[in-house]
Amino acid sequence: MEFTSEFFSKNRQRLLESSEAELIILSANGLLQRSSDTTFPFRQDSNFWYLTGIEEPDYILVIGSEVTFLIMPPRAEHRDLWDGAVDIKALQTTSGIEEILDHHAGWNKLDHLIKKIKKVHTITPVEAYFDSFGFYANPARGALLAALKKHRSLELIDIRKHIARLRQIKQEVEIMALQRAIDITAETLTEIRNNIETYKTEYELVADITSGYIRRGAAGHAYQPIVAGGGNAATIHYMSCNAELADNDLLLLDVGAEFKNYSADISRTWSRGKPSARQKAVFKAVEKVQQAAFKLLKPGVTFKAYEQQVDDLMAIELKELGLINDITDKKKLKKYYPHLASHFLGLDTHDAADYELPLAPGMVLTVEPGIYIPEENIGVRIEDNIVITKTGNKILSAALPHNLF
Ligand code: GLY
Ligand code: MN
Ligand code: MN
């Protein structure tokens, strides 16, 4: 599948129309220093990629009804030698944007345009990532805002929701890329499942998953893989993956390949030996909730109502397992099932979306109920990826069986 310049130019056009913006200004992600003169691997800002297809850091996109241009970042000459030269012609071909200006000329043009208008649309950094997640937002966005704020009377309007609503409905080529990311993940996990008894540690699994992805044409992991034996699975985003595997423990894998910037997000829980009756019962409970959840996902359903229904189904299973007494006790429910059943999936693993919108054809979601009982060394999550169709949904990860053992 090909993401042509038409895909990106149509996305720009649709954003202009849906937001009714006069001028939209967005930044690529910047390169981040790891130490000294080395950087963390670069991953483009998903919104910027969706509108340009460009993988270079620190470019700025300007779109309006009369103008479309890119501003290059300043770049020291010696970087061509170390990092390779940037092929401007290729950027033009990929994005369908003819006008790519150097930093000085680009900002001159932009400043001139801004002087004539009262407001611009951009992405304002309102989310406090550090407070809730403990990490920093990419500084490129902040740098652009600082530059725009020099125009004191300019009103900055957040365009995040408009982009999210476009990205939320996947186009055919996007579904194809997602399907490839999912297939690569499923093929890799099948290969590993067939030899599961040969693995003695979590990290051996990570090594072979990584290799399986790369050999099949993926860029790598869409997110830090979670490979968790026994009680480690009770840490929802367990990432150290350095423990030995015990024969009687369950093994939870939550992994996804990234293909053409699109993310798979699949979880399986496997038993390496003969599972205990309790392990089987917890697995069956999760599977039952997931099967019921699939049936709920169809056009017109609101995300909130769906999650409430899954919570109710999960409460019944938790009571059945003897973990809770009162199926209306949300706090107890969330002790054993602390996350949501679904999120949108696409360019980002937790994809941009307007969660208030009712489900509609083309939306892609995960379905991932889980039960975690650290005191019993048990964590089970089963996660599949679906696309909403006209009448219901299609499971994109159906090629990978759930088989506990
Ligand atoms: N892998 C993170 C998630 O399932 O949401
Ligand atoms: Mn996952
Ligand atoms: Mn997920």
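Since every read-out is calculated from the coordinates, none of them should be taken as a lab result. For clarity, every value in this text was computed on a predicted model and none was experimentally measured. Backbone-built Cβ (ideal geometry, glycine too); neighbour counts: all protein chains shown.
Which of the peptides 178-186, 36-44 is most tightly packed, and how do the rest follow, judged by the mean count of other Cβ atoms within 10 Å per residue?
Values: 178-186: 23.6, 36-44: 11.1.
Top of the packing list down: 178-186, 36-44.
On a 28 Å Cα-Cα criterion, which of the cross-link pairs 280/304; 115/170; 10/116 come out too long?
As for pairs spanning more than 28 Å Cα to Cα, those are 280/304; 115/170.
Could you sort 49-57, 314-322 so that the peptide with the highest average Cβ count within 10 Å comes first and the rest follow in order?
49-57, 314-322
Relative contact order of the chain: what whole-number percent is it, with Cα pairs under 8 angstrom and at least 6 residues apart?
Here the relative contact order equals 14 percent.
For the stretch 143-236, what log10 I(q)/I(0) values come out of the Debye formula at q = 0.11, 0.16, 0.20, 0.26 1/Å, with one point per alpha carbon and no solvent?
These q points yield log10 I(q)/I(0) values of -0.58, -0.83, -1.01, -1.31.
So what's the net charge close to residue 56: Lys and Arg +1, Asp and Glu -1, counting the other residues with Cβ under 15 Å from its Cβ?
On the way: positive: 43, 75, 79, 89; negative: 45, 55, 58, 80, 83, 87, 102.
Net charge around residue 56: -3.
So for the chain, considering every pair of alpha-carbon atoms, how many percent are separated by more than 38 Å? Working shown, then result.
Working: 22216 of 81810 pairs.
The calculated P(r) of the chain puts 27 percent of pairs beyond 38 Å.
By how many nm would the segment from residue 161 to residue 90 lengthen if fully extended, with 0.36 nm per residue of separation less the alpha-carbon distance?
Between residue 161 and residue 90, full extension yields an extra 22.6 nm.
Multiplying the sequence separation of residue 193 and residue 244 by 0.36 nm and subtracting their Cα-Cα distance, what value in nm do you get?
Working: separation 51, 0.36 × 51 = 18.36 nm, distance 1.73 nm.
Computed gain between residue 193 and residue 244 is 16.6 nm.
Within the stretch 255-282, whose backbone N sits under 15 Å from a point 7 Å along Cα→Cβ of residue 172?
Backbone N within reach: none found.
Determine the dipole magnitude for the stretch 284-405: charges of +1 sit on the beta-carbon of Lys and Arg, -1 on that of Asp and Glu, nothing else is charged, the reference point is the Cα centre, and the result goes in debye to the nearest 20.
Numbers: 14 positive and 17 negative charges, 57 e Å.
The calculated dipole for the stretch 284-405 is roughly 280 debye.
Would you kindly work out the equivalent ellipsoid of the stretch 114-271 from its C-alpha gyration tensor and give its semi-axes, the square roots of five times the eigenvalues, largest first in whole Å? All intermediate terms of the calculation are to be shown ahead of the outcome.
Details: eigenvalues 337, 75, 29 Å².
So the three semi-axes of the stretch 114-271 are 41, 19, 12 Å.
So, with +1 on the Cβ of K and R and -1 on the Cβ of D and E, and no other charges, what is the size of the charge dipole of the chain about its Cα centre, to the nearest 20 debye?
880 debye
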